[in-house]
Structures are given as C-alpha cells and as structure tokens.
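First up is the structure itself, then whatever we jot down about it.
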Amino acid sequence: MDASGRRNAKWAYDILEDEADNLWIASYMGGIFVVNRNTLLETKGPIIASKNFSKANGLLEDFANQIVDNGRGKMLALFYNKGISSIDRGTGKISELKDKEKSFHPSAYSLLKNIVNLK
C-alpha cells in the first residue's frame with residue numbers, strides 16, 4: 001500500500017523484479033508500487049511501498065496492465081487503449097511514449113513489444 005493507506009496492490013496485473021531486488025507491481029486502480037523483495041519477505045502485515053506512481057503524479061491511468069524494464073534505466077507501463085508511460089528509475093520522472101507524429105500509438109501493445117525487442 002502507499003504511505004496514506006488509500007492505494008493498494010490487492011489486485012495486481014503484473015510484477016517485475018529489477019536487479020536491485022525491487023518488485024515493480026502494476027495494479028488495478030492503485031498505479032505502480034515499488035517494494036523491496038526482502039522487505040516483503042521479512043515483514044508481517046501490511047507493507048508500505050517505497051514508491052507509488054499514479055495518475056496524480058503523471059501516469060496515464062491508475063490501472064497499469066503490464067510493466068517492462070527497457071534495459072536503459074526506464075520502466076515502461078502499458079495502459080490498454082491509452083498508451084505507455086515511461087518511468088525513469090533514477091529520478092522517478094514520468095513521461096508518455098508517443099509515436100513519430102507525437103501522438104498516442106493506436107496499438108500500444110505492439111509498440112511496447114517493439115521497444116522491448118530493441119534492447
């Protein structure tokens with residue numbers, strides 16, 4: 001859950017572990033949570049995420065369907081029928097990925113697949 005206790009990851013669509021043992025959890029209506037794997041395993045009861053990204057701080061929506069590490073310092077979050085948000089792992093800055101015409105790509109899933117294959 002987040003520090004306020006209002007957002008949680010009880011319904012997760014995707015979980016990805018990074019090289020620092022952090023779990024990036026794409027949730028339904030909670031945004032994206034970042035929780036250290038060891039903290040999760042060692043703590044009994046509710047866990048406060050070290051980070052929570054949501055629509056309020058730049059994500060396209062609060063329901064992320066898939067999350068992928070692009071291998072270049074960014075996590076990419078797919079929002080079906082909306083697009084892709086890019087989260088800079090170092091700064092936490094969120095931006096929207098767009099196509100060459102700087103518009104939403106109608107097939108965000110295909111775009112995400114192509115980006116990941118470019119690693």
Pair list, Cβ < 6 Å and 6+ apart or interchain, from segment 53-66 residues that are without any contact (Cβ under 8 Å) to a residue 24 or more places away in the chain to residues that are of a type in the set (Ser, Thr, Tyr) and assigned to a loop (DSSP other than H, G, I, E, B): none
Residue selected from segment 23-52 under the condition at pLDDT 85 or above and β-branched (Val, Ile, Thr), by the criterion surrounded by the most Cβ atoms within 10 Å (Cβ to Cβ): 32
Qualifying positions in segment 8-60 - among the aliphatic types (A, V, I, L, M) and assigned to a loop (DSSP other than H, G, I, E, B): 9, 20, 29, 47, 48, 49, 59, 60
Selection from segment 10-20 of residues that are loosely packed, with under 13 Cβ neighbours inside 10 Å and farther than 18 Å from residue 74 by Cβ: 10, 11
Residues located in segment 54-67, provided they are buried (at least 19 other Cβ atoms within 10 Å of the Cβ) and over 12 Å from residue 13 (Cα atoms): 54, 59, 60
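The values are calculated or read from the model by the stated rules, or taken from the named source; none is laboratory data. Quick caveat: nothing in here was measured; it's all calculated off a predicted structure. Positions of Cβ are backbone-derived with ideal geometry, glycine not excepted, and every protein chain shown enters the neighbour counts.
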